[in-house]
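The values are calculated or read from the model by the stated rules, or taken from the named source; none is laboratory data. It should be emphasised that the depicted structure is a prediction, and the values quoted were computed from it without experimental measurement. Note that each Cβ is placed from the backbone with ideal geometry, even for glycine, and that neighbours are counted across all protein chains shown. Heads up: the accessible areas ignore ligands, DNA and RNA and are worked out on the full protein's heavy atoms, side chains in. Shrake-Rupley method; radii C 1.70, N 1.55, O 1.52, S 1.80 Å.
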Amino acid sequence: MPELPEVETVKNGLVRLVQNKTIADVDVRWSKIVESPTVDEFRNNLIGQVIEDVKRRGKFLLFKLTDFDLISHLRMEGKYEYFLENEISKPDKHTHVIFTFSDGSQLHYNDVRKFGRMILVAKNQGVLYKGIKQLGPEPTKKEFSLTTFAKKLQRSTSLIKPLLLNQKVVVGLGNIYTDEVLWTAKIHPQQPASTLKQEEVSRLHQAIIDILAKAVSAGGTTVRTYKNALGEAGHFQLDLKVYGKTDEPCPRCQTPISKIKVAQRGTHLCPHCQKIKRRKLS
DNA sequence: ACGTCTGTTCTCCT
DNA sequence: TAGGAGAACAGACG
């Protein structure tokens, strides 16, 4: 499900719902969700811990506990759902982890495709976890330097779309926002990254910052099943220009949006606004 | 009924 | 070391 704006929205919901709650019990119903340590240690270490805060880094959630960091990645379809004691619903076959708090309320982790993962590490060691350590900057004006971005594009042999999906250059983009950002910057997804002109790099950089920020304000995008921790859909889907708009007119030039495959991912673009420019690879 | 599609990222291989 | 293919899994759709 989630790219950065959706994870940010889930994080904000979790802060409202479970901050300062004490974990009284943990039921792991699908053990592969817990990557490490063992399920027994995971459970034993979590019991008695207070959720002091919930943070986000890239698409990772970071629960800051009394003595541990709990890392959670939702991958494609992971969801958190919170229940007060008097309205707890029965777990279904997609409920893989249940946290019960000392006030009787529960937080369920649901994941139809079972791709999501949780990792429990020592306090403040979350940032050292491999998947987090290798992440690029957050897509904000403050963290995301245009000159560093330009240099990384220059040195890459990759096409621009797969490069943006790889979280090492900048975090937060997934398949939806990558298509949106490239349309906004008028760049073809299959343009080799090293052939972008300075002006294009600059437009792309700005589009990444702007679109992700706007999508956060809109509470994320719901195109299929995404819901935040409060069970609410996002509404950035109303602002999508190309994702899921195959054969609909481009909002800029009315040319029908086409859908192609790039790096095995469905990719939407305007064939008029986004043309591959034949340039020397430098 | 079956092949294809789906919001992610990790591992393996060249 | 970078980057492409395949894997992990389940369900919806035509």
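At-a-glance table
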{"item": "Residue pairs meeting the criteria (Cβ under 8 Å; at least 6 apart or on separate chains; first open to solvent by 10 Å² or more (accessible area, probe 1.4 Å), in region A:184-212; second of a type in the set (Phe, Trp, Tyr) and within 16 Å of DNA strand B (Cβ to nearest atom))", "result": "A:ILE211/A:TYR177"}
{"item": "Criterion (surrounded by 18 or more Cβ atoms within 10 Å (Cβ to Cβ), assigned by TED's automatic domain parsing to the domain that holds A:TYR82, aromatic (Phe, Trp, Tyr) and in contact with a Lys or Arg (Cβ under 8 Å, 6 or more places away or on another chain)) met by exactly one of A:PHE68, A:PHE60", "result": "A:PHE68"}
{"item": "Matching residues in region A:82-121 - criterion: being more than 14 Å from A:LYS32 (Cα to Cα) and within 16 Å of DNA strand B (Cβ to nearest atom)", "result": "A:VAL121"}
{"item": "Pick from region A:163-191, criterion part of a loop (DSSP other than H, G, I, E, B) and of a type in the set (S, T, N, Q), ranking: farthest from A:LYS261 (Cα to Cα)", "result": "A:GLN167"}
{"item": "Cβ-Cβ under 6 Å pairs, at least 6 apart or on other chains, region A:232-254 side within 14 Å of A:ILE176 (Cα to Cα), far side within 16 Å of DNA strand C (Cβ to nearest atom) and not hydrophobic (A, V, I, L, M, F, W, C)", "result": "A:GLY234/A:THR222; A:GLN237/A:THR222; A:THR246/A:LYS259"}
{"item": "Residue that is surrounded by the most Cβ atoms within 10 Å (Cβ to Cβ), among those in region A:151-178 that are under 15 Å from A:GLU200 (Cα atoms) and away from DNA strand B (no atom under 13 Å from the Cβ)", "result": "A:ILE160"}
{"item": "Breaking point among (1) in contact (Cβ under 8 Å) with a residue 60 or more places away in the chain; (2) open to solvent by 40 Å² or more (accessible area, probe 1.4 Å); (3) of a type in the set (A, V, I, L, M, F, W, C), for A:VAL39", "result": "(1)"}
{"item": "A:THR148 being surrounded by fewer than 19 Cβ atoms within 10 Å (Cβ to Cβ), more than 16 Å from DNA strand B (Cβ to nearest atom) and within 21 Å of the chain's Cα centre (by Cα)", "result": "no"}
{"item": "Candidate set from region A:93-130 (those that are farther than 20 Å from A:LEU230 by Cα and crowded, with 17+ Cβ neighbours inside 10 Å); member that is nearest to DNA strand C (Cβ to nearest atom)", "result": "A:ARG117"}
{"item": "Elements of type strands (runs of 3 or more DSSP E) contained in region A:5-77, each with 1 or more residues being modelled with pLDDT of 95 or more and away from DNA strand B (no atom under 15 Å from the Cβ)", "result": "A:23-28, A:51-57, A:60-65, A:68-73"}
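Yes/no per residue for (1) in the same structural domain as A:THR222 (by TED's automatic domain parsing); (2) surrounded by 16 or more Cβ atoms within 10 Å (Cβ to Cβ); (3) modelled with pLDDT of 95 or more:
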residue: A:ASP239; (1), (2), (3): yes, no, no
residue: A:VAL242; (1), (2), (3): yes, yes, yes
residue: A:ASP247; (1), (2), (3): yes, no, no
residue: A:ARG252; (1), (2), (3): yes, no, yes
residue: A:GLN264; (1), (2), (3): yes, no, no
residue: A:GLN274; (1), (2), (3): no, yes, yes
residue: A:LYS277; (1), (2), (3): no, no, no
residue: A:LEU281; (1), (2), (3): no, no, no
